[in-house]
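Following: one structure in structure tokens, then a few remarks.
The values are calculated or read from the model by the stated rules, or taken from the named source; none is laboratory data. This is a predicted model, so every value here is computed, not measured. So basically every Cβ, Gly included, is an ideal-geometry build from the backbone, and we count neighbours across all protein chains shown. Heads up: the accessible areas ignore ligands, DNA and RNA and are worked out on the full protein's heavy atoms, side chains in. Shrake-Rupley method; radii C 1.70, N 1.55, O 1.52, S 1.80 Å.
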Amino acid sequence: MMKLSFWRKVMSLGAALALSASPLYAEGGGSSAYDFLTIPTSAHAFALGGHAPALIDDDVTLADQNPALLGPEIDRQVAFNYMMYMQSGNFAGVRYGMEAGEHGAWAVGMRYLNYGAITRYDQDGFSDGSTFSPQDLVIEGTYSHDFTDRLRGGINFKMAYSNYDGHSAFALAADLGINYYDPDKDLSLSAVLKNAGGQLKRFYDSYDRLPIDLEFGYMQGLGSSPVSLAITATNLTRWRLPYYAHSNDEGGALELKSGFFSNFFRHLIFGLQIAPSDKFYAALAYNYKTRTDMSTYQRNFLSGFSLGLGIRTRTFGVQVAYAMPHKAGSSLLINLNLAIGELLN
């Protein structure tokens, strides 16, 4: 009975997380205990749909999108990120990176996720009105290396600790990524395997899978214009991504959707970026999976869309991104980047 009561609490947490934090509603497709690993720390990536493995920018927070996006151009940079969602949840993190020789770079980071107060339920589904506050902690270490002047690879190690109402779990995971960037054609191509690993300490006897994923990213500048097109393919470890939607019949019963075109487009995220200079960008993206996932809830016109902008000077940068996948659940992510190397020069 105690196990059932606990998993009701975990399911409540999973529902709150899925309906809120990013354009990544249930992206991992695995246990709700570790879906928080799919939440981006980069506002720039968040604006481009939450997945941006091919995004080229001097931003140390992009290491969690693809470790191959980290490079020696990150000269002693520290970044702080904060995400607010669902009025009660708060995510915060910090990451520091610097060059490691002429062709390498490393970074370390930590992020803390607090989901606010969640009501307890017993095994019969009744609440006594008491609450608990689930918490997750992730510690990361990243290393990247230039194989050629256009090809770079990287690895990101993660330690994830969760504490839900006195029950804890611990897991190890790694991201492996590669990026090809041709500055002459303003073309970036990436592949990344994310969250490969397993759980070392379980909540109970059952095993919770990590949200392992394979992603491909493409980003291309459009001629001599300041506009870039981004296309990201996610959830490539499986083809079928079914979802439930209300039917048009009287009563609006739920029916399972899993057609060819539905599955195809639920793997893709489309984004546009305007960057008239390296000091400013504005980005907009559409994630069809987010919108269709919200079809069983109260989605709105903005469901599936995300947007953001960033401003940078020689020594610091500010980035902001926003998404509203659900009428009651908007997300705001803010980054502050400081170029310590520039400050010290």
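The figures follow:
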{"item": "Pairs where the first residue, in segment 333-345, is more than 12 Å from residue 314 (Cβ to Cβ) and open to solvent by 50 Å² or more (accessible area, probe 1.4 Å) and the second is modelled with pLDDT of 90 or more and in a helix (DSSP H, G or I), C-beta under 9 Å, 6+ apart", "result": "334/43"}
{"item": "Residue within segment 77-85 that is open to solvent by less than 30 Å² (accessible area, probe 1.4 Å), touching a helix residue (DSSP H, G or I) at 6+ places or on another chain (Cβ under 9 Å), more than 26 Å from residue 188 (Cβ to Cβ) and of a type in the set (A, V, I, L, M, F, W, C) present", "result": "no"}
{"item": "Any chance residue 148 is surrounded by 17 or more Cβ atoms within 10 Å (Cβ to Cβ) and either out of contact with any helix residue (DSSP H, G or I) (no Cβ under 7 Å at 6 or more places or on another chain) or on the phi < 0 side of the Ramachandran plot (or both)", "result": "no"}
{"item": "Residue in segment 206-232 that is nearest to residue 39 (Cα to Cα), counting only those that are among the small types (Gly, Ala, Ser) and crowded, with 17+ Cβ neighbours inside 10 Å", "result": "217"}
{"item": "Enumeration of residues in segment 100-120 that are in contact (Cβ under 8 Å) with a residue 60 or more places away in the chain and crowded, with 16+ Cβ neighbours inside 10 Å", "result": "109, 111, 113, 115, 118, 120"}
{"item": "From the options 83, 1, residue that is modelled with pLDDT under 70 and not charged (D, E, K, R)", "result": "1"}
{"item": "Residue match in segment 154-177 (condition: of a type outside the set (Phe, Trp, Tyr), in contact with a Lys or Arg (Cβ under 8 Å, 6 or more places away or on another chain) and open to solvent by 60 Å² or more (accessible area, probe 1.4 Å))", "result": "yes"}
{"item": "Cross-chain or 6+ apart pairs with Cβ under 7 Å, segment 263-279 first and farther than 14 Å from residue 53 by Cβ, then open to solvent by 80 Å² or more (accessible area, probe 1.4 Å) and part of a strand (DSSP E or B)", "result": "272/284; 279/311"}
{"item": "Members of segment 178-192 found to be open to solvent by 60 Å² or more (accessible area, probe 1.4 Å) and either part of a strand (DSSP E or B) or without any contact (Cβ under 8 Å) to a residue 40 or more places away in the chain (or both), listed by number", "result": "178, 180, 181, 183, 184, 185, 189"}
{"item": "Inter-residue pairs, beta-carbon under 9 Å, first over 30 Å from residue 192 (Cα atoms) and in segment 129-145, second at pLDDT 80 or above and surrounded by fewer than 18 Cβ atoms within 10 Å (Cβ to Cβ), 6+ apart", "result": "133/114"}
{"item": "Filter result for residue 203 (buried (at least 17 other Cβ atoms within 10 Å of the Cβ), among the aromatic types (Phe, Trp, Tyr) and over 22 Å from the mean Cα position of the chain (by Cα))", "result": "yes"}
{"item": "Exclusive hit being over 29 Å from residue 231 (Cα atoms), over 17 Å from the mean Cα position of the chain (by Cα) and either of a type in the set (S, T, N, Q) or in a helix (DSSP H, G or I) (or both), set 127, 144", "result": "127"}
{"item": "Residue within segment 58-75 that is modelled with pLDDT under 95, under 27 Å from residue 278 (Cα atoms) and open to solvent by 70 Å² or more (accessible area, probe 1.4 Å) present", "result": "yes"}
{"item": "Residues of segment 236-257 that turn out to be in a loop (DSSP other than H, G, I, E, B) and at pLDDT 75 or above, as a count", "result": "7"}
